[in-house]
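What follows is a set of notes on a single structure, which appears directly below.
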2 protein chains.
Amino acid sequence: MRIGELAERAGTTTRTLRYYESLGLLPARRTGNGYRSYDEEDLRLLQQIRTLRDFGFELEETRPFVECLRSGHPAGDSCPASLEVYRRKLAELDECIARLGAIRERVGTQLIQAERARAELEAAATAPEGAPEPRCELTPPGP
Amino acid sequence: MRIGELAERAGTTTRTLRYYESLGLLPARRTGNGYRSYDEEDLRLLQQIRTLRDFGFELEETRPFVECLRSGHPAGDSCPASLEVYRRKLAELDECIARLGAIRERVGTQLIQAERARAELEAAATAPEGAPEPRCELTPPGP
DNA sequence: GTAGACCTTGACCCCGGCGTCAAGGCCAGA
DNA sequence: TCTGGCCTTGACGCCGGGGTCAAGGTCTAC
C-alpha cells in the first residue's frame, strides 16, 4: 500500500505520515522507485497513534505504545512503558481539571459580582442619587 | 515612568510591554528623546491584563477590560463587553472541563484494564499453561 | 571623556503538528 | 505520446506570547 492509500484509510494526510516518519515514529519501507510502502500492520500502528492523539496525547507520548505493538504485543498498552504514560497522563488530566475548576469558580464569582454591580448602577441611574460605582475586579491569585 | 520600571513593577519584561504596544493593547506616550513614558494608570491597565492572562485569557480577550478601564470605569469588568467575555470564557471552561473529564474516565478505565491484563499475563507466566494475551486497547471515540 | 545603565528599532527563534506550495520523477490508460 | 494522477524532497507559513540577539542612541556619574 502506498502513502496516499494509507492516509485515506486512516483518515489523515500524506503530509502527516511523512512527518511521523521524520520523527522515526512510523518508518516506511521503499519500493524500487522510491515510493513508500506500508502494510496492514502499519495501519494498526497508525491507528494507535491517531487514537491516542485524539485523547490529547502528544506524539512523543504515543511512541511507547507504537513500539509495544511493533515488538509483537497484541495491544499498544501491553507494556510497562505504556502504562507509565497512562499514569502520567491521568495525573496530568487530574491536575488540569482541578486547575480549570478553580478558575471556573473565580470567573463565575466575578461574573455574578460584576452583573450585580451593573444592576445597582442602573438602579442608581434610575434613582436620582448617583452612588459611586463599586469596584470589583478579578484579583491575582497571589504569589 | 519608563518601560524598565513599569516592567519591573508589574513583574514582567520590557519585551512584553513592547509587544502589547505593537498590538495596540497598551500604547505609550513618548518623551522628547523617544523613550516610552507610562503613568500609574498604565500600571493598572497592565495589571488587569496580567491578571486575566493568569486566568488563561488570551490577550485579545483582555482588550474589552482594558478599554473599559481606559474609558474611565473603576473596574475592567464594569462594561457589557467584558461581561460577555466572562460568559464566553465560562462556557469555554465548562466545555473544556467536561471534555477532559470524559477523557480522564476513558484513560482511567484503560489503565485498569491494561493493568489487569498484565497481571493475568504474569499469572499465566507463573502457571505452565500460557493463555493467549488478551487484547484491550484504547479505541477511537467513533466517527 | 568615558563607562555603564538605560533606551530605541528590527530581526530571527522557539514550541507542535502539521498545511501548503514548488519543482520534478514515475506510471497507467487512451 | 501525452495527459493526469500519483509520488518524491525541500522549504516556508501558521498559531500565541513573547525570548534573545544586534547595532546604535541617550543620559548620568565620575
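Quick one: in the range A:4-29, which of the residues that are more than 27 Å from B:Cys96 (Cα to Cα) and open to solvent by less than 30 Å² (accessible area, probe 1.4 Å) is farthest from DNA strand D (Cβ to nearest atom)?
Taking the candidates together, the pick is A:Leu25.
Kindly indicate whether B:Gly32 is exposed (fewer than 14 other Cβ atoms within 10 Å of the Cβ), within 11 Å of DNA strand D (Cβ to nearest atom) and over 30 Å from A:Ala98 (Cα atoms). Steps first, answer last, please.
On the way: exposed (fewer than 14 other Cβ atoms within 10 Å of the Cβ): yes; within 11 Å of DNA strand D (Cβ to nearest atom): yes; over 30 Å from A:Ala98 (Cα atoms): yes.
Yes; evaluated as a whole, the condition is true for this residue.
Taking the residues in the range A:85-116 that are open to solvent by 20 Å² or more (accessible area, probe 1.4 Å) and more than 25 Å from the chain's Cα centre (by Cα) as candidates, determine which candidate is nearest to B:Arg106 (Cα to Cα).
Here the residue is A:Thr109.
How many residues does the range A:60-69 hold that are surrounded by 16 or more Cβ atoms within 10 Å (Cβ to Cβ), of a type outside the set (S, T, N, Q) and within 11 Å of DNA strand C (Cβ to nearest atom)? Working first, answer last.
Initially, the range A:60-69 is screened for residues surrounded by 16 or more Cβ atoms within 10 Å (Cβ to Cβ), giving A:61-69.
Among the residues that remain, those that are also of a type outside the set (S, T, N, Q) are: A:61, A:63-69.
Checking which are within 11 Å of DNA strand C (Cβ to nearest atom) leaves us with A:61, A:63.
Within the range A:60-69, residues that are surrounded by 16 or more Cβ atoms within 10 Å (Cβ to Cβ), of a type outside the set (S, T, N, Q) and within 11 Å of DNA strand C (Cβ to nearest atom) number 2.
Under 8 Å between Cβ atoms, which residue pairs at least 6 apart in sequence (or on different chains) link something in the range B:12-40 that is more than 20 Å from B:Phe65 (Cα to Cα) and outside the structural domain of B:Pro64 (by TED's automatic domain parsing) with a partner that is more than 11 Å from DNA strand C (Cβ to nearest atom) and open to solvent by 40 Å² or more (accessible area, probe 1.4 Å)?
none
Condition first: at negative phi and within 12 Å of chain A (Cβ to nearest Cβ). Can you find one or more residues in the range B:21-32 that meet it? Give the steps one after another, and end with the answer.
So the first thing to find is which residues in the range B:21-32 are at negative phi, and the list is B:21-23, B:25-32.
From the residues that got through so far, the ones that are within 12 Å of chain A (Cβ to nearest Cβ) too are none.
Among the residues of the range B:21-32, not one is at negative phi and within 12 Å of chain A (Cβ to nearest Cβ), which makes the answer no.
Condition check: over 21 Å from the mean Cα position of the chain (by Cα) and more than 10 Å from chain A (Cβ to nearest Cβ). Does B:Tyr38 satisfy that? Break it down into steps so the answer makes sense when it comes.
Details: over 21 Å from the mean Cα position of the chain (by Cα): yes; more than 10 Å from chain A (Cβ to nearest Cβ): yes.
Yes; evaluated as a whole, the condition is true for this residue.
Hey, A:Leu46 hits all of (1) within 16 Å of DNA strand D (Cβ to nearest atom); (2) within 14 Å of another protein chain (Cβ to nearest Cβ); (3) open to solvent by 90 Å² or more (accessible area, probe 1.4 Å) but one; which does it fall short on?
A:Leu46 satisfies every listed condition except (3).
Would you check if A:Asp77 is under 14 Å from the mean Cα position of the chain (by Cα) and within 9 Å of chain B (Cβ to nearest Cβ)?
No: the conditions fail for A:Asp77.
Every residue, every condition in (1) at negative phi; (2) modelled with pLDDT of 95 or more; (3) more than 8 Å from every other protein chain (Cβ to nearest Cβ), yes or no:
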site	(1), (2), (3)
A:Arg70	yes, yes, yes
A:Ala81	yes, yes, yes
A:Arg87	yes, yes, no
A:Leu90	yes, yes, no
A:Cys96	yes, no, no
A:Gly108	yes, yes, no
A:Gln113	yes, no, yes
A:Ala119	yes, no, yes
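Report the residue count in the range B:1-20 for those that are under 21 Å from the mean Cα position of the chain (by Cα) and under 22 Å from B:Ala75 (Cα atoms).
Residues flagged as under 21 Å from the mean Cα position of the chain (by Cα) and under 22 Å from B:Ala75 (Cα atoms) within the range B:1-20 amount to 5.
The values are calculated or read from the model by the stated rules, or taken from the named source; none is laboratory data. Given the structure is predicted, the values throughout are model-derived calculations rather than measurements. As a convention, Cβ positions derive from the backbone with ideal geometry for all residues, glycine included, and neighbour counts pool all protein chains shown. These area figures cover heavy atoms from the full protein model, side chains too; ligands, DNA and RNA do not enter into them. Shrake-Rupley method; radii C 1.70, N 1.55, O 1.52, S 1.80 Å.
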